[in-house]
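Here's the structure, in structure tokens; my notes come after.
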Amino acid sequence: MILTHPCADALRNLIAHPWRGLALIAGLAGSLALTPVQAASAWTATLHRDPVTRQSRCLLISETLTTSDGYDSTPVYLAVDGASLQVITESELDASFNDLHLEVDTEPPVYSDQIIHKKMTLVFDQDVPKLIEQFRGGQKVTVHLRFWPNWPVTQSFPIQFSLVGFTKAHESFTQGCQPTG
């Protein structure tokens, strides 16, 4: 069989000397393993329209995830304004079961039943500095939401947000959304 493709010489060399191919692959794998890979940040400090006041201000915003609300799907994101952490969704939340909460990694859950803005924003405003420190040291935060209507009863939906990039975004946030070095 005669190979006439432009890569034929390389293929012939690999067939005749397979150890060279393995050495090439091992070399590439080794150089890739030593190359630092930066994970995309799941958080940004940005001038954003406040979900409640509708005024543009510096907020610390998570990535937006989509979850089921029991009947359809809804976007969900987290916003930190300095005084509170808000969980914003486009579906109406149901606090009647007293099970709306968040957990940072394996820390004890933090509960809230404070729902504002057309019943679509869950607010955590107790001990925010402690919560920020948990976010800065954590890997993930899981928010447990329950949506209306409560009959027929829907389940609590866990939504897991990455905390990758939170610390750097928080530093920018504390400087009024200015880039950090």
**Item:** Selection count where residues are in a strand (DSSP E or B) and either modelled with pLDDT of 95 or more or among the hydrophobic types (A, V, I, L, M, F, W, C) (or both), scope segment 148-174
**Value:** 6
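Scan segment 17-36 and give yes if some residue there is modelled with pLDDT of 95 or more and either more than 23 Å from D125 (Cα to Cα) or part of a strand (DSSP E or B) (or both), otherwise no.
Step one: list which residues in segment 17-36 are modelled with pLDDT of 95 or more, which gives none.
No, segment 17-36 has no match at all.
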**Request:** Output the number of residues of segment 124-137 satisfying the condition of being surrounded by fewer than 18 Cβ atoms within 10 Å (Cβ to Cβ) and not in a helix (DSSP H, G or I).
**Result:** 3
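Here are some residues: I115, I159, I132. Which one is of a type in the set (V, I, T) and either on the phi > 0 side of the Ramachandran plot or within 14 Å of the chain's Cα centre (by Cα) (or both)?
Numbers: I115 fails: either on the phi > 0 side of the Ramachandran plot or within 14 Å of the chain's Cα centre (by Cα) (or both); I132 fails: either on the phi > 0 side of the Ramachandran plot or within 14 Å of the chain's Cα centre (by Cα) (or both).
Result of the check over I115, I159, I132: I159.
Yes/no matrix, rows are residues, columns are (1) under 15 Å from F157 (Cα atoms); (2) surrounded by 15 or more Cβ atoms within 10 Å (Cβ to Cβ):
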{"residue": "A40", "(1), (2)": "no, no"}
{"residue": "H48", "(1), (2)": "no, yes"}
{"residue": "V80", "(1), (2)": "no, yes"}
{"residue": "I88", "(1), (2)": "yes, yes"}
**Request:** Would you check if K130 is touching a Phe, Trp or Tyr at 6+ places or on another chain (Cβ under 9 Å) and of a type in the set (K, R)?
**Result:** no
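The values are calculated or read from the model by the stated rules, or taken from the named source; none is laboratory data. Note that this is a predicted model, so its numbers are computed, not measured. Because the Cβ atoms are built from the backbone with ideal geometry, glycine has one as well, and the counts that use them run over all protein chains shown.
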